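Okay, structure first, notes after.
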Amino acid sequence: VFHVVPTIVEVGIVSAILLVKFGPSFVTVTSGTLLAYLLYTIRVTKWRSKYIRLKIMLENMASNRSIESLVNYEMVKYFNKEKTEVNRYDDALAGTNWSGVMQQTTLGMLNAGQGVILSIGLAAMMMLTARGVAA
């Protein structure tokens, strides 16, 4: 609430200034850019949240396996299962590494898409400005 309301007020004020000073085409481009940015961010964030949850789950599993092995050290040693426990832990870490890569990859996709949307909006505003200057 403390971030959303001031942002909406600011967008309203900027839109009013653009409407009065430059006309409705600038407001349309600004509103369209903000709407596209918002929708893209929400959609991609919802999509990438599954990778974040997966990473947390796999990190917890790896942590639990390491603690279990340390707590049951005597039993692991007695049955000569060190290699098995190391393999279980390595498998858990491999999953954690993969989910971390996916989390970073999806973050890069989110940032790249946001940059493209803002660049398109900026280019449209520059074209409108150039057309106004030329006229």
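Values quoted throughout were computed directly from the atomic coordinates according to the rules given, and no laboratory measurement underlies them. Predicted, not measured: the structure shown is a model, and the values here were computed from it. A quick note on method: Cβ atoms are made from the backbone with ideal geometry, for glycine too, and the neighbour counts reach across all protein chains shown.
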If I take R0 = 35 Å and measure r between the Cβ atoms of SER63 and GLU10 in this structure, what FRET efficiency does the formula 1/(1 + (r/R0)^6) give, to the nearest 0.05?
0.20
Give the lysines whose C-alpha is closer than 28 Å to that of LYS81, dropping any in the same chain fewer than 8 places away, or say none.
LYS55
Run the quick spin-label model on ALA130 and LEU107: label points 7 Å from Cα toward the beta carbon, then report their separation in nm to one decimal.
3.6 nm
Span-rule helices in the chain, defined as complete DSSP H runs reaching 18 Å or more along the axis (Cα) with Kyte mean at least 1.6
4-22
Which lysines, if any, have their Cα less than 25 Å from the Cα of LYS21, not counting same-chain residues under 8 positions apart?
none
